[in-house]
């Protein structure tokens, strides 16, 4: 079920009302919210619920098993087997086809081909997100950062519908404490929640989908047919589109959770004002970057084993992070590109600020990030080559229009403004009376709805991951 | 190792939500530890996780009650039902059969009625229609009585016997037509051909269901607006809906009567393109689908395509995908390409994936090559 759909508009008010009605009676509320979340997920495909259930049971068994023993060696083994199971599910459903075709082709060339059967496997929506959350649960218990919850709480943590299909990746140690006591019904951030839902809708439908339709999709489909002016604009357009698409989803997820009384971590913080790769990853998909840091980079040894190992660890972390986004070589290359950027920055750390002024560091970083997005958006590496060729091909500008250029300028420009006044405006709005905000949200939905084409709202980009 | 108290560390001013160190700083291991300490220190407190709210609270966020939340959301819903109840009813018609559709229908029926009875929906449409990205359709639609099964093919100019120049090609259809449209456009671009390929897929639409778009009208509009020399059509993923017979009764899929009405609709579309100036129409058949329950539908659709094309002679070419993708009429995920078994279908067992669409685009180009120079 997508957030901006009629089905969800019917589902959510009912769930919200029942949720708060049952909140003080936790033995009733907890099963209710699990059922509601599974109904939400079953709307995509009921069979996927079995997968979510299997990951939940596995994680719970592992967490309890780890907690019950003091033997470090055994704890480690239980942890590893639990994580392997969760990631195994991810591997089969997301990467099997990639290994059987693309990777097998590469292995064939060195005589190591694997005769695996060809099969088309449906990718369960959100599996990348909830499998990672399951990993944080097991590993956090192993690290004694959190205690195992009961099965019901673990099921709520993994299936809670606002974050189920595209994050943010909420850590067990952030979410489980919120289940220890009923949420306080007299301290609900109603207007902030409604503001975020409205903002997310505008970002997704009015900006991201508009840019995709009018500019990005045509150019990325056949870059050979376009020349530099259009290709450059479409590259910036995609930077704006993917930000509005993903942060729009996150805004809605955080807003809906606030209305239900829960708080999710921040996932974006004006990423296009970054003045370096490190700064970018501090601001873009923050919950993924900290997952990669805490559950991959540090266990690999981080920067504790010398410079060379640091670079290797950075490259490995980011390349795997790229692969997490999708089973295709362009994502692997995009991850490696990010790893190279981080490593290069690490090598000249400290000298950058002395040599280059801030505006130049921002300019270079932003444009490198945009080049990275071209790689990310290209469905294969040959298309990336075609796109890079289009960037230097002379020819007419055919896709420029005031709304398109204005939308891109708005999305990127707003992130460059000082943070404090912008947040201030947003939060001042969110202090308004809830009924007024409810009416305003209806107005936003009506206006946004009028911009939806007859074919409906396209899925969020990160649903594919 | 000396550690500062978490609360004193400026890097932790936003509590656990702010990720102050990312991948490279030397000291982030210690920050991770401090975050853990910070969380552990609050565990006993009621709602100790409220540190996550700090980013909202910095600006003196106002809190309300749960009852306010419910009232606000209910108000939003009511306003939407009053101003756009018809859209809920329409959404129900477009959903696949199932519980979800039944629920939306149960809400959409009364909501649509309320919306119809009040003047607000009309006002809303008047005020916001200019925002719609959909093109205004012209021409006669299927439902307007433009189709009768007995109708003969319209008289259209015969196609030129000599190859003509191909300047504009339209690739259209439902979700089946993408990424065929992209692959076709890329193949022309890779050959350096100066062919302008217009890609116009209309996802989730069907010839037997005009709820989202009426292909009778759409084909006229495409012919007029895009002025293509040739049209490639790949459609049929959403068919099987009951169709009105000439006497007004609904005919269920997929008997001879249904096929006859469907064939006349396809014929109307072909005529719309040809009368609009298109020299050739290339219509792709539907390869067998994985779900056996869909076979009667695709068989009827394919028969209708062949029947309607036969009535229009050389103006319409059928590009038959079945021998390539499902020889012997049996479904398969993979076919040999360049001597290697390659998956050509999406996991739904209906659509062609990128590789499959590339093969289909090759077949389209072979057909186009016979009729056009480019």
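Note on residue A:180/residue B:162: beta-carbon distance plugged into 1/(1 + (r/R0)^6) with R0 of 56 Å gives a FRET efficiency of 0.10. Equivalent ellipsoid of region A:190-464: semi-axes from √(5λ) of the C-alpha gyration tensor, largest first, are 31, 26, 18 Å.
So how far, in whole Å, is the C-alpha centre of region B:331-365 from the one of region A:21-95? Using only Cα atoms, the two centres lie 36 Å from each other. Extents of region A:275-348, largest first, come to 31, 26, 21 Å (Cα atoms, principal axes, whole angstrom).
Which residues among region A:358-395 fall inside the zone where the amide N is under 12 Å from a point 7 Å beyond the Cα of residue A:344, along Cα→Cβ? Answer for this model: A:364-369, A:371-372. Per-residue Cβ neighbour counts within 10 Å put B:142, A:98, A:356, A:264 in the sequence A:356, A:98, B:142, A:264, beginning with the fewest. Distance from the C-alpha centroid of region B:181-242 to that of region A:277-342: 42 Å, rounded to the whole angstrom.
Using the Cβ-Cβ distance between residue A:54 and residue B:227 with R0 = 60 Å, the FRET efficiency computed as 1/(1 + (r/R0)^6) comes to roughly 0.65. Model label sites at residue B:126 and residue B:324, defined 7 Å from Cα along the beta-carbon direction, differ in position by 5.3 nm.
Counting Cβ atoms of other protein chains within 10 Å of each residue's Cβ and taking the mean over peptide A:433-441 gives 6.
With a cut-off of 16 Å, note down the residues of region B:334-371 whose backbone N falls inside the zone around a label point 7 Å from the Cα of residue B:191 toward its beta carbon. The answer is B:358-371, whose backbone nitrogens lie closer than 16 Å to the label point. Peptide A:283-289 shows a mean partner chain C-beta count of 2 within 10 Å per residue C-beta. Using alpha carbon centroids, what distance separates region B:264-278 and region A:361-376, in Å? Result: 47 Å between the Cα centres. Taking label positions 7 Å along the Cα-Cβ direction at both residue B:310 and residue A:109, the computed distance is 5.0 nm, reported to one decimal.
Backbone N atoms of region B:92-107 closer than 18 Å to the 7 Å Cα→Cβ label point of residue A:21 belong to residues B:107. Net length available on complete extension from residue A:305 to residue A:42 is 90.1 nm, with 0.36 nm assigned per residue and the Cα-Cα distance removed. When the alpha carbon gyration tensor of the protein assembly as shown is reduced to an equivalent ellipsoid, the three semi-axes, largest first, read 47, 32, 27 Å. Every helix of 4 or more DSSP H residues in the protein assembly as shown counts as -39500 (n - 2.57), and over all residues that averages to -17000 deg cm²/dmol at 222 nm.
Which order do peptides A:159-165, B:106-112 fall in by mean Cβ count within 10 Å, highest first?
Values: A:159-165: 24.9, B:106-112: 18.6.
The most tightly packed comes first, giving A:159-165, B:106-112.
Let me know the mean shielding of A:258-265 by other chains, meaning the per-residue number of their Cβ atoms within 10 Å of its Cβ.
5
Which of the three applies to region B:142-373, rounded, prolate or oblate, going by the alpha-carbon gyration tensor with a ≥ b ≥ c and a/c under 1.5 meaning rounded?
It is oblate, given that a/c is not under 1.5 and a/b is not larger than b/c.
Values in this text are rule-based calculations from the coordinates and carry no lab data. The structure presented is a predicted model; accordingly, all values stated were derived computationally and were not measured. Neighbour counts are summed over all protein chains in view; Cβ atoms, including those assigned to glycine, are modelled from backbone coordinates with ideal geometry.
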